């Protein structure tokens with residue numbers, strides 16, 4: 001396991017009606033300090049979301065999911081949170097909240113290539 005690196009990830013959830021506590025998975029955020037990797041991969045099933053909650057503003061959810069990706073990427077375009085270091089951005093993104101976009105608890109693991117692992121997690125947890 002010498003060539004494996006510790007990573008942390010959380011599942012991005014859409015909770016259309018927070019009071020009902022029902023959600024659907026829409027993406028993954030993965031952070032690997034050793035590989036200097038922080039990325040969000042999104043896969044929003046609009047048809048499923050519409051069936052799940054007919055009054056949901058899908059465009060607003062898509063905009064907010066895009067903002068998560070931008071914060072992961074960092075830089076001035078991603079606002080004040082995007083200018084923090086990667087670990088701080090990951091902690092901010094995965095903090096508990098009761099909004100339409102939430103994340104699961106943070107889970108650890110080991111991987112050789114974080115960019116491959118995030119795709120595998122997206123296929124496993126979201127598709």
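The values are calculated or read from the model by the stated rules, or taken from the named source; none is laboratory data. This is a predicted model, so every value here is computed, not measured. Glycine also receives a Cβ, built like all others from the backbone with ideal geometry; neighbour counts cover every protein chain displayed.
Among the residues of the stretch 74-127, those identified as in contact (Cβ under 8 Å) with a residue 24 or more places away in the chain, touching a helix residue (DSSP H, G or I) at 6+ places or on another chain (Cβ under 9 Å), surrounded by 12 or more Cβ atoms within 10 Å (Cβ to Cβ) and within 24 Å of residue 58 (Cβ to Cβ) are 93, 100, 101, 102, 103, 104. All of 33, 26 fail the test of being out of contact with any strand residue (DSSP E or B) (no Cβ under 6 Å at 6 or more places or on another chain), surrounded by 13 or more Cβ atoms within 10 Å (Cβ to Cβ) and at pLDDT 95 or above, apart from 33.
Residue count for the stretch 51-63 under the criterion of being part of a loop (DSSP other than H, G, I, E, B) and either touching a strand residue (DSSP E or B) at 6+ places or on another chain (Cβ under 7 Å) or on the phi > 0 side of the Ramachandran plot (or both): the result is 0. Selection of helices (runs of 4 or more DSSP H) fully inside the stretch 64-127 by the criterion of at least 1 residues being over 22 Å from residue 34 (Cβ atoms) and in contact with a strand residue (DSSP E or B) (Cβ under 8 Å, 6 or more places away or on another chain) returns 114-125. Surrounded by fewer than 16 Cβ atoms within 10 Å (Cβ to Cβ) and in a loop (DSSP other than H, G, I, E, B), is that true of residue 48? So residue 48 does not fit the description; no.
Answer yes or no: is there a residue in the stretch 59-66 that is within 14 Å of residue 9 (Cα to Cα), surrounded by 13 or more Cβ atoms within 10 Å (Cβ to Cβ) and either touching a residue at least 60 places away in the same chain (Cβ under 8 Å) or out of contact with any helix residue (DSSP H, G or I) (no Cβ under 8 Å at 6 or more places or on another chain) (or both). No, the stretch 59-66 contains no residue that is within 14 Å of residue 9 (Cα to Cα), surrounded by 13 or more Cβ atoms within 10 Å (Cβ to Cβ) and either touching a residue at least 60 places away in the same chain (Cβ under 8 Å) or out of contact with any helix residue (DSSP H, G or I) (no Cβ under 8 Å at 6 or more places or on another chain) (or both).
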